[in-house]
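To start, the structure under review is shown below, and the notes come after it.
The values are calculated or read from the model by the stated rules, or taken from the named source; none is laboratory data. Computed from a prediction, not measured in an experiment: that's the story for all the values here. Using ideal geometry, Cβ is built from the backbone for each residue, glycine included, and neighbour counts are taken over all protein chains shown.
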Amino acid sequence: MMMKFPLALALLAASLAAGETGVVIQRPNELDWKVSGSLPAGMATHEYHLIYEDKTTRGVQTLVRFSKGYALPAHSHTHDEVILVLKGKIALEAGGGSSILGQGAYALIPGGTTHALRNAGWGPCEFLASFAGPVDFKELPRIK
């Protein structure tokens, strides 16, 4: 299975940003997908693979996978978030509007902006999420 160009580019950028002497390559079948532990109980049904964390800013680049029908309710982050869609479609609600982002599309969501994400495709979707600082989730509803 061949790696998609945006994913290869993202991995190369992460390696160079880390100041490493060599290029880091990881193939899709080698990714270590985990369920997020940072979301309230009952919401952690999507998966992520951490690509890179900056030791100074604690900003991260991570791959995220939503199953069909998965939705992340309205929330915000302290720091800017960039989303680059690698597979499938993501519905992004922010600023009173809604946009469908397909493969290759990206969005810059400024820190403090309330937004919601939903898998808008017929199957799973994957995207690269990059945060300018530590990842936090504000305004998420509490699930019991």
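A few notes on this one:
- The lone exception for S98 - which of (1) part of a strand (DSSP E or B); (2) within 14 Å of the chain's Cα centre (by Cα) it fails: (2)
- Residues (farther than 10 Å from S130 by Cα, at pLDDT 85 or above and part of a loop (DSSP other than H, G, I, E, B)) located in the range 42-66: D54, K55, T56, T57, R58
- Within the range 88-111, the set of residues being crowded, with 18+ Cβ neighbours inside 10 Å and in contact with a Pro (Cβ under 8 Å, 6 or more places away or on another chain) comprises G88 only.
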